[in-house]
Amino acid sequence: MSDERPSGEIIDQIIHTTASDGRSICIRSIRSSDAEQMRAGIAHLSTQSRYLRFFSVQPMPSDSVIRKLVDADGHDHIAWGAIHMDGADNPAIGAVHAFRSSEQDRSGEFSVAILDDYHGIGLGRMLTAVLLINCCAEQMPVLDIQTLAENQAAIGFIRAIGGELRQWDSGVQDYTLEVKPAIAKLRATSDLQGIRDIFAALDRYL
């Protein structure tokens, strides 16, 4: 991996922690040099997971979409990834993004994806916590979330951290999430070591 990083103190943080099943995880900001890791991660998503994340079953997003996903400046596009520190390939296993709606806007669009083999071990909560803290530090206090109505796992999580349904159209649900209350709800998840490690590393940015 390249040492190239976007500017900004918070996105220079690298957090080493463990998932709920004991696997060693590294969480860090996504860089422009991560395009191939992004491709590899998306390629390992199941057809169903790819459909739920991109609303499409195409095998791989276009080159322009990949460039957009890794072109993160930590302010208008906030992006973090999780890496499984398995001592061999160290694969990218999850990513979370917030795209500011416009240069002057204080809201953004939220998305998260976790590889199928890593579901259910707290990664979604961990990546979301890092992203929300970064959003708070970058004056992005509201996030918009679009999810397919059939994605009950995502909807349950969104509601659990305070997301409110704003619109439901053609099988797609739009939620609004207030960042600071959501951070408070995630902080209360004291049973997950990863959450505790994240707040220990980033609390000073709140």
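The values are calculated or read from the model by the stated rules, or taken from the named source; none is laboratory data. Owing to the predicted nature of the structure, the values given are computational and were not obtained by experimental measurement. Virtual Cβ from ideal backbone geometry, glycine too; neighbours counted across all protein chains shown.
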In segment 66-110, what count of residues is obtained for those that are more than 22 Å from Ile133 (Cβ to Cβ), surrounded by 15 or more Cβ atoms within 10 Å (Cβ to Cβ) and among the aliphatic types (A, V, I, L, M)? 1
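So that you can scan it fast, the table gives a plain yes or no per residue for (1) of a type outside the set (A, V, I, L, M, F, W, C); (2) crowded, with 18+ Cβ neighbours inside 10 Å:
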position	(1), (2)
Asn134	yes, yes
Glu150	yes, no
Ala153	no, no
Arg159	yes, no
Ile183	no, yes
Residue pairs qualifying under the 9 Å Cβ cut-off, at least six apart or on distinct chains, with the first in segment 54-78 being closer than 26 Å to Glu150 by Cα and the second being modelled with pLDDT of 95 or more and among the β-branched types (Val, Ile, Thr), are Leu69/Ile30
Would you mind finding the one in Ala184, Ala149 that is at pLDDT 95 or above, over 16 Å from the mean Cα position of the chain (by Cα) and of a type in the set (A, V, I, L, M)? Ala184
Pairs, first more than 12 Å from Leu206 (Cβ to Cβ) in segment 132-160, second of a type in the set (Lys, Arg) and buried (at least 16 other Cβ atoms within 10 Å of the Cβ), C-beta under 8 Å, six or more apart: Met140/Arg100; Phe157/Arg125
When you check Ala113 against the structure, is it buried (at least 16 other Cβ atoms within 10 Å of the Cβ), more than 21 Å from Asn151 (Cβ to Cβ) and in contact with a Gly (Cβ under 9 Å, 6 or more places away or on another chain), yes or no? no
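A quick yes/no check of all residues on (1) modelled with pLDDT under 90; (2) over 16 Å from Leu131 (Cα atoms); (3) in contact with a Pro (Cβ under 9 Å, 6 or more places away or on another chain); (4) surrounded by fewer than 16 Cβ atoms within 10 Å (Cβ to Cβ):
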residue	(1), (2), (3), (4)
Ile15	no, no, no, no
Asp21	no, yes, no, yes
Arg28	no, no, no, no
Ser32	no, yes, yes, yes
Ala35	no, yes, no, no
Gly41	no, yes, yes, no
Gln48	no, yes, no, yes
Tyr51	yes, yes, no, no
Phe54	yes, yes, yes, no
Strands (runs of 3 or more DSSP E) fully within segment 70-166 counting 1 or more residues that are among the acidic types (Asp, Glu): 107-114, 142-148
